[in-house]
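This report concerns only the one structure given below.
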Amino acid sequence: MATVRFARKLQAEAAKGTAFDCLIAGDGELRRLNRQFRGIDRATDVLSFPAPAGSGAGSLGDIAISWSRARVQARRFGHSAECEVRILMLHGVLHLLGLDHHVDGGRMARAEKRWRERLGLPAGLIERVEP
């Protein structure tokens with residue numbers, strides 16, 4: 001239930017009221033989605049699928065999170081799996097909002113850090129892998 005409240009908070013604040021859907025599944029499903037939509041045949045922790053521009057769907061899009069990866073990463077970083085799901089959800093929502101840490105010169109990293117601090121979350125994904 002706390003994860004649902006967190007998702008609603010993200011929707012209200014970060015997404016400025018625009019809805020998004022979030023699937024929490026196992027590695028097998030994330031691997032299938034990653035292979036189908038990105039051509040990468042391996043599981044990953046979070047995937048984001050922005051709604052098509054001009055679709056009028058009233059949704060930012062969809063996020064898929066691997067519960068298996070969240071549990072492993074939570075142990076590795078010393079917090080709960082639920083906290084890790086929140087970190088992954090924030091990361092996914094920022095991608096749905098059009099940010100991309102691979103190409104934006106640190107813009108997403110700064111946004112993730114601001115939101116992480118505001119939401120009381122520990123180090124985010126970008127901070128873990130990028131100096």
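Read the figures in this text as sums done on the coordinates, not as results from a lab. These numbers come from a predicted model, not from an experiment. Positions of Cβ are generated from backbone atoms using ideal geometry, with glycine treated the same way; all protein chains shown enter the neighbour counts.
Within region 77-89, residues that are outside any helix (DSSP H, G or I) have Cβ atoms under 7 Å from residues that are surrounded by fewer than 24 Cβ atoms within 10 Å (Cβ to Cβ) and not basic (K, R) in these pairs: H79/P122; S80/A74, counting only partners at least 6 apart in sequence or on another chain. Take the residues of region 1-41 that are touching a residue at least 12 places away in the same chain (Cβ under 8 Å) and assigned to a loop (DSSP other than H, G, I, E, B): which is farthest from W115 (Cα to Cα)? Here the residue is G26. Only one of (1) crowded, with 17+ Cβ neighbours inside 10 Å; (2) outside any loop (DSSP other than H, G, I, E, B); (3) under 14 Å from the mean Cα position of the chain (by Cα) is not met by A74, so which one is it? Here A74 clears every test but (3). The residue that is farthest from L90 (Cα to Cα), counting only those in region 57-76 that are among the hydrophobic types (A, V, I, L, M, F, W, C) and touching a residue at least 12 places away in the same chain (Cβ under 8 Å), is W67.
If you go through region 47-56 one residue at a time, do you hit one that is free of Cβ contacts under 8 Å to residues at least 12 places away in the same chain and closer than 20 Å to E117 by Cα? Among the residues of region 47-56, not one is free of Cβ contacts under 8 Å to residues at least 12 places away in the same chain and closer than 20 Å to E117 by Cα, which makes the answer no.
Scanning region 42-71 for residues that are part of a loop (DSSP other than H, G, I, E, B) and of a type outside the set (D, E) yields R42, A43, T44, A51, P52, A53, G54, S55, G56, A57, G58. With respect to (1) surrounded by fewer than 16 Cβ atoms within 10 Å (Cβ to Cβ); (2) touching a helix residue (DSSP H, G or I) at 6+ places or on another chain (Cβ under 7 Å), the lone exception for F6 is condition (1).
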